[in-house]
Amino acid sequence: MRSPTSGRRLAITAAAAALLSGCGAQVQGAGEQNAAVVVNRCGEQVEYRVPQRAVVYEGGSADKLFSLGLTEHVHGYVMPPANPPVTESPWAAEYAEVEFLSDDLLNRELVVDAKADFVVAGWNSGFSDQRGITPEILDGLGVQSFMHTESCFNYPNFPERKTPFEALYTDLERLGKIFRVEDKAREVVDGLRTRVEAVKSRVPQGEPVPVFLYDSGTDQPFTAGSQVPPTEIIAFAGGRNIFTDLDARWTKVGWEQVVEREPEVIVILDYGDKPAQEKIDFLKSSPTTAKLPAVVNDRFYVLDYNEGISGPRNVDGLEGFAEYMRGLPR
């Protein structure tokens, strides 16, 4: 871990102020609202001023800001086809108030063209060395950035490790500090924690049910390791991710491993561009998976994409899956 020097922080802050001035964004008034605050960004202590033209990548990023009542600070969103339509979101009205910027991957040109002063995304799901858009590069452009804490697990040089739901709460608290809405953030986090505890208090008795999350892939399945929200969704609802022993986020495994671990329930991650029914049909028709206990007993649960990536809708996903698990015969 390393922290930027005070000189670098001041340079970034000055550059951000210059960018805001040039794009005509309205900066908060003088005094406490315009003073910089220091917030952890994947192990790095970074100074932030209140953003006015945020660009968010995917539903999880947008949902975090919308849930904190920060719609007026969001300029626009980038939403690749994997995301379900924003009209299906609990924050559909908020999406309608901001600009749709692209259905492509996040890139530096888009951020610059939008005159953004703040970008929210995950590492390798938005920010990327290969595509030339990283927090360090944006720092150099005077654009503030924030990474999902859950994605810090494999961020180079600034490791930070939290369990997925704690990472969600941490993000909301940190964003609350950046935007000076800490009371609202505490209220939102307390509400989410209360809902999670309510689910955990109703977990059926008995051994956890072995569950396989199927994201995608035919030659090799892409699934959830221990470091992403679906693993805790499964656990809090009374199940056990059959790949919870993999110290990873999203990862490939072998079908032989799936067969050996005999899942009794399969969670299908439902993409906007990869319908869940196609995945279910594949599992039923493939000789390798057709005899899995979950397939034989037709025990499939469809988890919305935005319930599976880091965001407030993780708790919606938990509540829905927990209801399904309570209905299974024991």
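The values are calculated or read from the model by the stated rules, or taken from the named source; none is laboratory data. Nothing here was measured: the structure is a model prediction, and the numbers come from that model. Cβ coordinates were reconstructed from backbone atoms using ideal geometry, including for glycine residues, and neighbour counts include every protein chain displayed.
Is it the case that the range 112-128 has a residue that's surrounded by 14 or more Cβ atoms within 10 Å (Cβ to Cβ) and acidic (Asp, Glu)?
yes
Does the range 239-277 hold any residues that are touching a residue at least 40 places away in the same chain (Cβ under 8 Å), in contact with a strand residue (DSSP E or B) (Cβ under 7 Å, 6 or more places away or on another chain) and farther than 17 Å from GLY225 by Cα, and which are they?
GLU264, ASP270, LYS274
In the range 250-330, which strands (runs of 3 or more DSSP E) lie fully inside it and hold 3 or more residues that are at pLDDT below 95, among the β-branched types (Val, Ile, Thr) and touching a Pro at 6+ places or on another chain (Cβ under 7 Å)? Steps first, answer last, please.
Details: elements: 250-252, 265-270, 300-304.
So the answer is none; nothing clears 3.
Taking the range 90-138 on its own, how many of its residues are under 12 Å from TYR77 (Cα atoms) and hydrophobic (A, V, I, L, M, F, W, C)?
Counting residues in the range 90-138 that are under 12 Å from TYR77 (Cα atoms) and hydrophobic (A, V, I, L, M, F, W, C) gives 14.
Return yes or no: is SER125 closer than 20 Å to ALA167 by Cβ and at pLDDT below 95?
Numbers: closer than 20 Å to ALA167 by Cβ: yes; at pLDDT below 95: yes.
Against the criterion (closer than 20 Å to ALA167 by Cβ and at pLDDT below 95), SER125 qualifies.
From the list GLU72, GLU94, GLU44, GLU99, which residue is out of contact with any Leu (no Cβ under 6 Å at 6 or more places or on another chain), at pLDDT 95 or above, buried (at least 17 other Cβ atoms within 10 Å of the Cβ) and not assigned by TED's automatic domain parsing to the domain that holds ASP215?
Values: GLU72 fails: buried (at least 17 other Cβ atoms within 10 Å of the Cβ); GLU44 fails: at pLDDT 95 or above; GLU99 fails: buried (at least 17 other Cβ atoms within 10 Å of the Cβ).
The unique qualifying residue is GLU94.
Pairs under 7 Å by beta carbon, first residue over 15 Å from ILE268 (Cβ atoms) in the range 278-301, partner not hydroxyl-bearing (Ser, Thr, Tyr), six or more apart or different chains?
THR288/TRP255; THR288/VAL259; ALA290/LYS284; PRO293/GLU262; PRO293/PRO263; PRO293/GLU264
Just to verify a result, which residue in the range 56-74, among those that are within 15 Å of the chain's Cα centre (by Cα) and assigned to a strand (DSSP E or B), is nearest to GLY122 (Cα to Cα)? Even if it seems obvious, please write down each step before you answer.
Going residue by residue through the range 56-74, those that are within 15 Å of the chain's Cα centre (by Cα) are 56-67.
From the residues that got through so far, the ones that are assigned to a strand (DSSP E or B) too are 56-57.
On the way: VAL56: 10, TYR57: 8 Å.
Looking at the filtered set, the residue picked out is TYR57.
So which residues in the range 75-116 are polar (S, T, N, Q) and either assigned to a strand (DSSP E or B) or over 17 Å from the mean Cα position of the chain (by Cα) (or both)? Give the derivation first.
If we filter the range 75-116 for residues that are polar (S, T, N, Q), which is where we start, we get 83, 87, 89, 102, 107.
THR87, SER102, ASN107 - these are the residues of the range 75-116 that are polar (S, T, N, Q) and either assigned to a strand (DSSP E or B) or over 17 Å from the mean Cα position of the chain (by Cα) (or both).
Quick check on my filter: what residues within the range 69-101 are more than 25 Å from ILE133 (Cβ to Cβ) and among the aliphatic types (A, V, I, L, M)?
ALA92, ALA93, ALA96
Residue-wise test of (1) without any contact (Cβ under 8 Å) to a residue 12 or more places away in the chain; (2) surrounded by 20 or more Cβ atoms within 10 Å (Cβ to Cβ); (3) closer than 30 Å to GLY69 by Cα.
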{"site": "GLY176", "(1), (2), (3)": "no, yes, yes"}
{"site": "PHE179", "(1), (2), (3)": "no, yes, yes"}
{"site": "ALA185", "(1), (2), (3)": "no, yes, yes"}
{"site": "ASP190", "(1), (2), (3)": "yes, no, yes"}
{"site": "ARG193", "(1), (2), (3)": "no, no, yes"}
{"site": "ARG202", "(1), (2), (3)": "no, no, no"}
{"site": "GLN205", "(1), (2), (3)": "no, no, no"}
{"site": "PRO208", "(1), (2), (3)": "no, no, no"}
{"site": "VAL211", "(1), (2), (3)": "no, yes, no"}
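Each row is one residue, and each column tells you yes or no for (1) free of Cβ contacts under 8 Å to residues at least 24 places away in the same chain; (2) closer than 28 Å to VAL196 by Cα; (3) in contact with a Phe, Trp or Tyr (Cβ under 8 Å, 6 or more places away or on another chain).
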site: PRO85; (1), (2), (3): no, yes, no
site: GLU109; (1), (2), (3): yes, no, no
site: PHE118; (1), (2), (3): no, no, yes
site: ALA121; (1), (2), (3): no, yes, yes
site: LEU138; (1), (2), (3): no, no, no
site: PHE153; (1), (2), (3): no, yes, no
site: PRO159; (1), (2), (3): no, yes, yes
site: TYR169; (1), (2), (3): no, yes, no
site: LEU172; (1), (2), (3): no, yes, no
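Within the group PHE146, PHE165, which residue is under 22 Å from GLY43 (Cα atoms), under 18 Å from the mean Cα position of the chain (by Cα) and part of a strand (DSSP E or B)? Can you show your working first?
Values: PHE165 fails: part of a strand (DSSP E or B).
Within the list PHE146, PHE165, the selection yields PHE146.
Looking at this structure, is ALA121 aliphatic (A, V, I, L, M), assigned by TED's automatic domain parsing to the domain that holds LEU65 and assigned to a loop (DSSP other than H, G, I, E, B)?
Details: aliphatic (A, V, I, L, M): yes; assigned by TED's automatic domain parsing to the domain that holds LEU65: yes; assigned to a loop (DSSP other than H, G, I, E, B): no.
No: the conditions fail for ALA121.
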